[in-house]
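The values are calculated or read from the model by the stated rules, or taken from the named source; none is laboratory data. Note that the structure is predicted; figures quoted are calculated from it, not measured. Here Cβ is always computed from backbone atoms with ideal geometry, including for glycine, and neighbour counts include all displayed protein chains.
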Amino acid sequence: MKFITQRFKIATKLSLYVLLIGIIPLIVFSWISYDNAQQVIVRQVSQNSQELLKQQKRYLELILTNLESLITNITSLDDVQAALQADADTQGTYAELATKAKIGYILSGYILSLQDLISIDLFSVEGAHYHVGDTLDFSEVDEETLDRLFSAALDAENDVLWSGIEPNVNANSTHHQVITIARMIRNIDGENLEERPIGMLLINYSIESFYDTFAQVELGDDAYMMVLDANRRLVYHPDRSKIGSSVSNALLARFEGDSGTLRTRIEGEPMFIAYDRSALSDWYLISFIPERSLMREANRIRNFASLTVTIFLVFVLWLALTMTRDIAQPINRITEHFKQIQQGHTDWGMRLPEERTDEIGELNRWFNNFLDSLIAKRQAEEALMRAKEQAEAASRAKGLFLANMSHEIRTPMNGIIGMTELALDTELTNQQRDFLGTIKTSAHSLLTLINDILDLSKIESGKLELIEESFHLREMIGLLMKSLALGAYAKNVEILFFIDPDVPDALIGDSGRLRQILINLMGNALKFTESGEVVLRVRKETTAARCQRLHFSVTDTGIGIAPEKQDVIFEMFSQADVSTTRRYGGSGLGLTISARLVELMHGRIWVESEVGNGSVFQFTAEFGCNEDVTLADPISTSFACLHFLVAEHNRTQGAFVAQMLTHLGAECCVVEHGEDVLNALSAADAPADGYRVILLDAGLSGPDSYVTAQKLREKGFDPERIVMMLKAERSNEWEKRCSDLGVRHTITKPFDDASLRAVIADCLAEHPKLPADVKAGLPSDEPPTQRPLAILLAEDNTTNQKVATLLLQRQGHNVRVARNGIEAVALWQQEDFDVILMDVQMPELDGLEATTQIRATENGKHIPIIALTAHAMKGDSDRCMAAGMNGYISKPLQFDKLIEVLAWASEEDGSAMKAEFWT
Ligand code: ADP
């Protein structure tokens, strides 16, 4: 049923149901009726035909009984007996004639008593023949038939031999075939008292009379009857020509008992047969009724049932069609409309008829309602879409505005920062220096804010993209930490970092953006921490082929963040506590930008924090591995087995230093106070050959580092082997004090393992154990040498002209200024330059156009052209590159970048500029 419910259409289903509940029972019922009718008919016909046969048998036996009585009468006559015993030698005598006349007279009487007798013949054993019958000429006798009959009568078990159909013994009779009954006449021998045959009585009965009698029997259409004699010859058959012929025993063999019925095929036609045997004569009466005629009534029932089923089928078909038209078609129409709605090409004005009051009408009404609500929804959606487009347009306009704003603000910022730096290099009073310092700090804060806003607009417009460049992680983080250290120490907050030794140094990725994230996290940590420490840790998370996944964490001991705020702070403009904003300041953009950047680096960012107990901001990021650069690390083995003493008041820092040194193979003892240093020297577990180097934290207490160093010296420890770990803010003063004590080696905190390695290597330089190649592995402090360049500066803004010119001249370069593109092209044609610094936005002829003209006219010699642009949006670099520029530097000018670019330009050999300048 489920199969039907799920697979077929409604009309098909309904037809199947009607078939199941209507037609199949009808067929079954008809079949049963037909079968019953068949059985009833067969039973009835069986009874009828048997009854009929019995009647016919009775009739037959009546005739035969009459004949038997006749025979008995005749044979019992004394005259007949005497005639048969007459001597043969009386032949031809009067006595014989008299006997003949007498017998003839007697027999004539009998022949008249029974209808349809052909003849009565008496044959004596001696050869006499007495005859009455249809012919008077009985002289000719069929001897063969006579002999056969004689023998049969003689052998017969009964008195009467019902011989059946036989050729007429009287050859001259007109009836050649007759039904013959014979009886042997016997006499008791007087001497021996034995019966002896004296003659035979032969009665010939008419076949026609039989035929006429049985032909009248009414058996029904096509049915017929047969009578067989004891020799199984046909005594009666509706086809006269067959009378006398023998019948096969095959059929008779199937008869059981004296009467019965059976069904079989006769000449291929199914036939119902009834039979009855006459015990008197051993004759059979058999009726044949073709089943075809027998089943005529049953077939009528069958035909009627078939007709009913057919009519019902037609009705079902009609019902299915009506259903299709009435139910399925409207449903199909609705389905079709739904399809069109789905495919988006429906006629929205179309409505389905609602006149019907049935379920289909209801369905149509609801479909129309659905269409109405869909139209309303579409209209609302269209309105929404228009609003969205307007909002997007507004957002684009906002993005453009932000970009323009950043350009507009960056240009004067360029002037402010550059001029402040130049002014700070001149002779100033303390107050003036202080004022200018404040201007510089404020300008940098403003620039940071502008950069954040610009980044935000890039994020919103999906244009924030990372660059791929090679960088050294330790160097980048070391510089970053140093730049943050002053602020941290000013607040009396320790700032430390530790990079796991197995973290690769040469990475590929966007170092600028990584720096931005770290500055933001470290900046926040320092901002929200009043005392304690801020620690940056880097470790390797996983390594895949050419890909490093690093884990960064910034731990602080600051105010912490409430759990419910920990997710919100990563959303735009969100701050954990508005009151803290007033106290600490901030725009709420930093973490949003960081989170987006981390996402671009295929990592994630999260925070673990507890109010009052500090926070741990963590993020992961993926970087490429620069396999071309392998870190030479010859020193790690050379520190092996050397003993170092580390005195550091900050436990974390102490642990870090110990970890760095241990990784380099050294043995390390860490103490926290000045007196511990002195004790450690004389302690029992001190190394036998003493500590090779003592690292003293400048912030030691009890006694302080200065006193401790002095005492060490007094104890005979070579101050050359002391490394003083200084804090940036007081390094000048401390360096003086150290040199007074003879402590030559200092390192400024925070430092990384490379710097520590370098200073220790320096310290051990005079030591005989220090391998010669250690020095070779150390970074050189020599400033890069560069030849003076002839620089063409194309810049319309006078402040920018001034700043750039002064900066470049201080580097020893010659600068020629062009105020627009036309002047730049003209100057380039007149003079020889090593490099052109080209502002992109200029009146008359912009930088891109000017570059195109230069590239079009330059003859063989390729001059490097570097774009200066305040537009730091995506696509700017592509446009510059398309115009034929070699790279670009964004404004305000980053001095180190400028130097790097000029260094490249001075050695430019026509090759393409490095990708890292396209930033
Ligand atoms: P900003 O610091 O400019 O307000 P951020 O997006 O960097 O914006 O930080 C959002 C907010 O998250 C901060 O205002 C502050 O409430 C909270 N926050 C960030 N870092 C820390 C931290 N280390 N300790 C406590 N609160 C922090």
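Key figures for this structure:
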item	result
Residues within segment 659-680 that are buried (at least 19 other Cβ atoms within 10 Å of the Cβ) and assigned to a helix (DSSP H, G or I), tallied	5
Any hit, segment 796-806, residues being under 27 Å from Leu422 (Cα atoms), among the basic types (Lys, Arg) and in contact (Cβ under 8 Å) with a residue 60 or more places away in the chain	yes
Qualifying residue in segment 506-515 (condition: polar (S, T, N, Q) and on the phi > 0 side of the Ramachandran plot)	no
Count of segment 802-827 residues which are assigned to a strand (DSSP E or B) and more than 17 Å from Thr411 (Cβ to Cβ)	4
Condition broken by Leu479, with the remaining ones in (1) over 19 Å from Ile605 (Cα atoms); (2) away from the ligand (no atom under 12 Å from the Cβ); (3) touching a residue at least 12 places away in the same chain (Cβ under 8 Å); (4) over 46 Å from the mean Cα position of the chain (by Cα) satisfied	(3)
Qualifying residue in segment 307-330 (condition: in contact with a Lys or Arg (Cβ under 9 Å, 6 or more places away or on another chain), under 29 Å from Gln47 (Cα atoms) and in a helix (DSSP H, G or I))	no
First in segment 829-840 and assigned to a strand (DSSP E or B), second anywhere and of a type in the set (Lys, Arg) and surrounded by 22 or more Cβ atoms within 10 Å (Cβ to Cβ), Cβ under 6 Å, 6 or more apart	none
Sole residue being at pLDDT 85 or above and in a helix (DSSP H, G or I), chosen from Ile32, Ile23	Ile32
Selection within segment 342-379 - within 24 Å of Lys9 (Cβ to Cβ), loosely packed, with under 14 Cβ neighbours inside 10 Å and of a type in the set (A, V, I, L, M, F, W, C)	Met350, Trp366
Glu392 being loosely packed, with under 14 Cβ neighbours inside 10 Å and in contact with a helix residue (DSSP H, G or I) (Cβ under 9 Å, 6 or more places away or on another chain)	no
Pairs where the first residue, in segment 580-594, is farther than 13 Å from Leu521 by Cβ and the second is modelled with pLDDT of 65 or more and within 7 Å of the ligand (Cβ to nearest atom), C-beta under 7 Å, 6+ apart	Tyr584/Lys527; Tyr584/Phe528
Subset of segment 695-711 that is under 22 Å from Leu764 (Cβ atoms) and among the small types (Gly, Ala, Ser) - its residue that is surrounded by the fewest Cβ atoms within 10 Å (Cβ to Cβ)	Ala698
Flag for Tyr284 being assigned to a strand (DSSP E or B), touching a Lys or Arg at 6+ places or on another chain (Cβ under 6 Å) and surrounded by 15 or more Cβ atoms within 10 Å (Cβ to Cβ)	yes
Strands (runs of 3 or more DSSP E) within segment 425-510 that include 3 or more residues of a type outside the set (A, V, I, L, M) and surrounded by 15 or more Cβ atoms within 10 Å (Cβ to Cβ)	469-472, 493-499
Close pairs from segment 501-516: first more than 22 Å from Ser483 (Cα to Cα), partner assigned to a helix (DSSP H, G or I) and not aromatic (Phe, Trp, Tyr), Cβ under 8 Å, at least 6 apart	Pro501/Met660; Pro501/His663; Pro501/Asp753; Val503/Leu473; Pro504/Leu473
Members of segment 265-281 found to be surrounded by 13 or more Cβ atoms within 10 Å (Cβ to Cβ) and either part of a strand (DSSP E or B) or within 60 Å of the chain's Cα centre (by Cα) (or both), listed by number	Pro270, Met271, Phe272, Ile273, Ala274, Tyr275, Asp276, Arg277, Ser278
Positions within segment 524-557 being within 16 Å of the ligand (Cβ to nearest atom) and in a loop (DSSP other than H, G, I, E, B), in sequence order	Phe528, Thr529, Glu530, Ser531, Thr557
Hits in segment 222-253 - residues which are modelled with pLDDT of 85 or more, assigned to a loop (DSSP other than H, G, I, E, B) and closer than 21 Å to Glu291 by Cα	Ala223, His237, Pro238, Asp239
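For every residue, the table says whether it meets (1) free of Cβ contacts under 8 Å to residues at least 12 places away in the same chain; (2) in contact with a strand residue (DSSP E or B) (Cβ under 8 Å, 6 or more places away or on another chain); (3) within 21 Å of Leu19 (Cα to Cα).
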site	(1), (2), (3)
Ser281	no, yes, no
Met295	no, no, no
Asn303	yes, no, yes
Val316	no, no, yes
Asn332	yes, no, no
Thr346	yes, no, no
